[in-house]
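Remarks on the structure that follows.
The values are calculated or read from the model by the stated rules, or taken from the named source; none is laboratory data. It should be emphasised that the depicted structure is a prediction, and the values quoted were computed from it without experimental measurement. Here the Cβ positions follow ideal geometry from the backbone for every residue, glycine too, while neighbour counts run over all protein chains shown. Note: accessible area is taken over every heavy atom of the protein model, side chains too, but ligands, DNA and RNA are not part of it. Shrake-Rupley method; radii C 1.70, N 1.55, O 1.52, S 1.80 Å.
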Amino acid sequence: MQKFALKLSLYLTGLILLLFFFRAFVFPYPDKVISRKFSMLSLEKQHINTLFFGPSTIEMHYDPLLYDSLLSAEGKSSTSFNFGISAMVTPENQYVLEKILSLDLPRLKFLLLEVNGLRTVDVEALKETETVREIEMTDVKRALQRARLLNLHFESTADRWEAVKTILSSMITRFSGYGAIDNYVYVSLANQRSRKNNFRIENGYMVRGFKYYEVNPDSVPRYKKLQKYFTQPASQKAYLQQIKELDLQREQAAITPVDKSIADIYEEMIRQCNSKGIRVILIVSSVANGKVSGLVKELQQRKLSVDIIDFMSPEKYPEFYDVRNRADGNHLSYPAAELATRELAKEVLKILNRD
Amino acid sequence: MLFNSLHFLIFFPIVIGLYFSLPYRYRWGFLLAASYYFYACWEVSYLLLIIFSTIVDYWAALQMGKKDSRKKRRPFLVLSLGANLGLLLFFKYFNFFNDSLRFVFQEFNLFYDVPALDLLLPVGISFYTFQTLAYTIDVYRGIQHPEKHIGKFALYVSFFPQLVAGPIERSTRMLPQYRKNYDFDYDRVVDGLKQMAWGFFKKLVIADRLDVYVSEVYSHPDITFGWPVIIAAYMFTIQVYCDFSAYSDIGIGAARVMGYDLMRNFRQPFFGKSMAEFWQRWHISLTTWFKDYLYIPLGGNRVSKKRWISNLFIVFLVSGLWHGAAWTFVIFGFLHGMYLSIGALTMTFRNKLWQQLIDRTHPKLAILRDGVKLFGTFHLFMVSLFIFRAPSLDVTITLLKNALIFRPNTDLIIGFTELDMLIAILATCFLFYGDWVEECKGSMRKALTERSTAVRWVFYFAMGLTIVLTGHFSEREFIYFQF
C-alpha cells in the first residue's frame with residue numbers, strides 16, 4: 001500500500017504541476033468567449049479609446065460603430081469596443097478588467113461600466129455554466145470574494161454546502177476549463193474569419209452589426225428560447241406587470257450586505273481605472289427587474305467621482321420598456337438597441353460638454 | 001451519484017480507504033451502506049424499491065431452497081417475477097401503455113380517462129431487476145443455492161459499481177466473491193484505476209463532447225438538413241458506445257480496485273463482422289441474460305426455422321422495450337430482430353458468395369471482405385440508433401427526410417467549435433486504436449505494461465492531461481441511466 005500511495009502522490013503532484021504549467025503559460029485564460037474578445041481587443045489596442053464593459057445588457061444594447069459615428073458627428077473622436085460578456089457577474093468583471101488594464105491600452109480614456117445587477121444569488125444560478133465561469137478563474141482572491149458574497153447570502157448550511165461543492169467542482173474539474181485549448185486555437189480561427197467578413201455577423205435579431213461581437217454557440221438556442229417565450233401573451237402580461245412596479249420598487253429598495261460587498265468591488269475597479277487615467281461612467285441598463293437598485297443607491301451614497309447614466313425607468317424611458325422593443329425582460333431587441341446606443345451617446349455627450 | 005461528478009471523486013477514495021482499513025467481517029456491511037448511499041443520492045425513497053426487491057427475492061429463494069421439485073418451487077418464482085416485473089412495469093411502462101391506449105381510443109373517438117402518472121423513473125431499475133430475476137430463476141432451476149446471508153445478498157443486488165447501469169451480473173459469479181476476503185493488491189488496484197481512467201476518457205472527452213453536436217441536431221430537427229444530420233448519426237453511434245462502455249469500464253475498474261471481478265460488458269463491438277457477432281460483443285451481460293432466460297427457454301435455434309425466427313423477434317422486441325418505454329425502442333428492437341433473422345436465413349448463401357468471390361479466387365483480398373462486413377455491421381447498427389436517439393417517431397421521420405436534403409453553405413459544425421470537432425476526431429481515432437490493440441493483444445493495459453517505465457508514465461500523464469484539459473465536466477448523465 002505504501003508503494004501505491006507513493007506512486008499515486010507522485011503522479012498527482014506531476015499532473016497538478018503540468019496543469020499549472022499549461023494553465024499559466026500555454027493556455028492562460030479558460031473562457032473561450034472572453035478569450036476571443038480579449039484577443040481581438042489586443043489586436044486593436046492601439047486605437048481603442050472607449051470601452052463598453054459589463055454583462056449581456058452591455059453586449060446587446062450598445063453598438064460601438066453607431067456610438068462612434070454619433071460622437072464623431074459632434075466632433076468627439078471615439079473608437080469604442082464592446083467588451084460585454086453574457087452573464088459576467090461580480091467579481092469576474094473585476095478580474096477581466098484587471099486583465100484588460102494590464103494590456104496598457106495607450107488611448108483608453110473612457111470606461112462605460114454597467115452597474116451589474118448580476119450576482120450569484122441562489123444555488124441554482126451557481127449551476128449555470130456561464131455563472132460558474134467566474135469561479136473557474138482559479139484565482140484565490142476572487143474565490144475568496146465569492147465566498148464572502150456567498151456567506152453573506154446563504155443562510156442555511158445546506159445551501160452553503162451546495163455552494164462550496166459547486167465551487168470546488170468548478171475549481172477541480174474545470175481546473176483549466178474545457179475551453180482552455182479551445183481558446184488558443186479558436187481565437188486565431190475567429191480572428192481570421194472576422195477579418196474576412198469584417199467581423200462576424202450572426203443571429204441577426206440579437207446582435208447584427210455589433211463590432212467585435214462573437215457569438216457564443218451555447219447562447220443561440222437559449223436566446224431563441226427566451227425570445228419565443230417572450231412572445232407569449234402570458235409572458236408579456238407578466239412583464240408589463242413587472243415594469244409597472246419597477247419605479248416604485250427602485251425607490252423602496254433596501255441596501256443589502258451583498259450590495260455593500262459588491263459596491264466595494266466597484267469602488268476598487270473605479271480606483272484602478274482612475275489610477276491609469278481612465279474615466280469611468282456607470283450605466284444602469286433598462287432591465288425589467290430592480291435587483292440592482294440597492295447597489296445603485298449604495299454607489300450613489302458613496303459619493304464616488306463618477307457619473308451614472310440611469311436608463312432603468314419605464315416612466316422616463318417608455319420606449320425602452322415597450323414590449324415591441326424587447327428581446328426579453330432583461331434585453332432590448334436589435335432595433336431597440338439602436339435607440340439605446342443613441343440615448344447613451346446623447347447622455348455621454350451631455351457629460352463631456354458639461355465638463 | 002454520477003461517476004463523472006465531484007461527489008464520486010470524493011466518495012470513491014473514502015470508500016476505498018475505509019474498505020481496506022476495516023476488518024474483513026465488517027466490509028460487506030460497509031460496502032452495502034456505501035452502495036445504498038450511492039443510490040440514495042438520486043432519490044432516497046426509491047431505495048425502498050431496491051430493499052423491497054431484495055427482501056422478496058431473498059425470501060422467495062429461501063423458500064425455493066426448501067422445496068425439492070420445480071413444481072413446488074414455482075409459486076415462489078412466480079411471486080418473485082410478479083413483484084419485480086410488476087414494479088418494472090408500473091414505474092417504467094405504465095405511461096407508455098397508457099398513452100398508447102389513449103391514442104388508440106382517441107383514434108376511434110372513444111372516451112379514455114386514465115391519467116398519466118407523474119413518476120420519476122427509478123434509476124437503474126431495469127438493471128437491478130434483471131439481476132435479481134436471474135438469481136431467483138437460477139435458484140428455481142437449481143443452479144444456485146439460496147443465499148442465507150441477507151446482507152451479502154443485498155450487496156449482490158445493490159453493489160454500487162454496477163448498480164445503475166450494469167454489467168447485469170449473475171449470482172453464481174458474484175455471491176462467492178462476496179464471501180471472500182481481499183487484501184490490498186498493488187497490481188490489481190492499479191489495473192482497476194487504469195480501467196477507470198480509460199472509462200473517464202471515453203465518457204468525458206468523447207461521449208459528452210459528441211453529445212453537444214448530437215443534441216443540437218436532435219433538438220432542432222426542422223432546421224437541420226443534409227450533412228449535419230448524417231454526421232450526428234455517426235457521432236451518436238460513437239457516443240453511445242463510449243458512454244455506455246465508459247460506465248462499464250469505470251464500474252468494472254472500481255470493483256476491481258476492491259478485489260471484485262465483474263463480467264466484461266463490451267468486447268470491441270465495432271469489430272463485429274455480422275450483427276450476430278456484434279451482439280456477442282455489445283452489452284454482453286444483457287445479451288447473455290436474454291439468451292439464458294428468454295431465448296433458450298423459447299427453444300433457441302433448436303426448433304423449426306419459422307419458430308427460430310419468431311424467437312429472434314421476440315427476444316429483440318423485448319430487448320428494445322427493455323431499453324425504453326417508447327415506440328422508437330420497439331422499432332429499434334424490431335430492426336435488430338429483422339437484421340438477425342435475415343442474417344440467419346441468408347448465412348449459407350452469403351458464405352458461398354464470399355467463397356466464390358474472394359476466398360477461392362482472391363484469398364489475399366480477405367481483408368476487403370472483412371472490411372465490407374465491418375462497414376455493413378457498423379452502418380446497420382447506426383441506422384437502428386438513428387431511431388433509438390429520437391425522442392419521437394415524428395422527429396425520426398423529419399430527420400430521415402432532412403438527411404437527404406443538401407443545402408448550399410450548410411454549417412457542418414453545429415453547437416461546438418472546430419477544435420471540438422478536431423478533438424472528437426482524434427479521440428475517436430485513439431479509441432479505435434485502443435480497441436484494435438485489445439482485439440489483437442487481448443488487453444490494452446497489458447500491452448502498456450510491456451512498455452518501458454518512461455513510456456508508461458508519459459502515457460499516464462498525457463491521459464490525465466487530456467481528460468482534465470479537454471474533458472466535458474458538465475456532469476451529463478450516462479445515456480443508459482434512463483433504462
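Quick notes
- Among the residues of the stretch A:299-312, the one identified as over 22 Å from A:LEU349 (Cα atoms) and buried (at least 21 other Cβ atoms within 10 Å of the Cβ) is A:LEU299.
- Looking only at residues in the stretch B:12-25 that are more than 12 Å from chain A (Cβ to nearest Cβ) and not hydroxyl-bearing (Ser, Thr, Tyr), the one that is nearest to the chain's Cα centre (by Cα) is B:PHE12.
- Evaluation of B:ALA40 against the conditions (1) in contact with a Ser or Thr (Cβ under 8 Å, 6 or more places away or on another chain); (2) of a type in the set (A, V, I, L, M); (3) under 20 Å from B:ALA255 (Cβ atoms); (4) open to solvent by less than 60 Å² (accessible area, probe 1.4 Å) shows that the sole unmet condition is (1).
- Whichever residue in the stretch A:94-129 is part of a helix (DSSP H, G or I) and modelled with pLDDT under 60 and, among such residues, is nearest to the other protein chains (Cβ to nearest Cβ): A:THR129
- Restricting B:LEU101, B:LEU88, B:LEU6, B:LEU18 to residues that are touching a Ser or Thr at 6+ places or on another chain (Cβ under 7 Å) and farther than 20 Å from B:THR129 by Cβ narrows the list to B:LEU6.
- Boolean, B:LYS364 is over 29 Å from B:GLY226 (Cα atoms), assigned by TED's automatic domain parsing to the domain that holds B:ILE331, open to solvent by 60 Å² or more (accessible area, probe 1.4 Å) and in a helix (DSSP H, G or I): yes
- Residues within the stretch B:112-141 that are more than 22 Å from the chain's Cα centre (by Cα), under 30 Å from B:LYS72 (Cβ atoms) and open to solvent by 10 Å² or more (accessible area, probe 1.4 Å), tallied: 2
- Annotation note: of B:LEU412, B:LEU422, B:LEU380, B:LEU374, the sole residue that is open to solvent by 30 Å² or more (accessible area, probe 1.4 Å), of a type in the set (A, V, I, L, M, F, W, C) and free of Cβ contacts under 8 Å to residues at least 60 places away in the same chain is B:LEU422.
- Residue within the stretch A:318-331 that is basic (Lys, Arg), open to solvent by 10 Å² or more (accessible area, probe 1.4 Å) and more than 17 Å from the chain's Cα centre (by Cα) present: yes
- On inspection, A:ARG250 qualifies as at pLDDT 85 or above and surrounded by 16 or more Cβ atoms within 10 Å (Cβ to Cβ).
- Some residue of the stretch B:79-100 being in the same structural domain as B:GLN131 (by TED's automatic domain parsing), under 27 Å from the mean Cα position of the chain (by Cα), at pLDDT below 90 and small (Gly, Ala, Ser): yes
- Number of positions in the stretch B:271-289 that are buried (at least 21 other Cβ atoms within 10 Å of the Cβ) and in contact with a helix residue (DSSP H, G or I) (Cβ under 8 Å, 6 or more places away or on another chain): 7
- Checking each residue in the stretch B:267-299 for being farther than 17 Å from B:LEU385 by Cα and hydrophobic (A, V, I, L, M, F, W, C) picks out B:PHE271, B:ILE284, B:LEU286, B:TRP289, B:PHE290, B:LEU294, B:ILE296, B:LEU298.
- Within the stretch A:339-355, the set of residues being among the small types (Gly, Ala, Ser) and within 19 Å of A:ASN49 (Cβ to Cβ) comprises A:ALA345 only.
- Per the conditions (1) under 17 Å from A:GLU114 (Cα atoms); (2) crowded, with 19+ Cβ neighbours inside 10 Å; (3) modelled with pLDDT of 90 or more, the sole criterion not satisfied by A:GLY290 is (3).
- Among the candidates A:LEU339, A:LEU349, residue that is open to solvent by 10 Å² or more (accessible area, probe 1.4 Å) and over 16 Å from A:THR57 (Cβ atoms): A:LEU349
- Within the option set B:LEU317, B:LEU321, B:LEU426, B:LEU374, being within 14 Å of chain A (Cβ to nearest Cβ), modelled with pLDDT of 85 or more and in a helix (DSSP H, G or I) holds for one residue only, B:LEU426.
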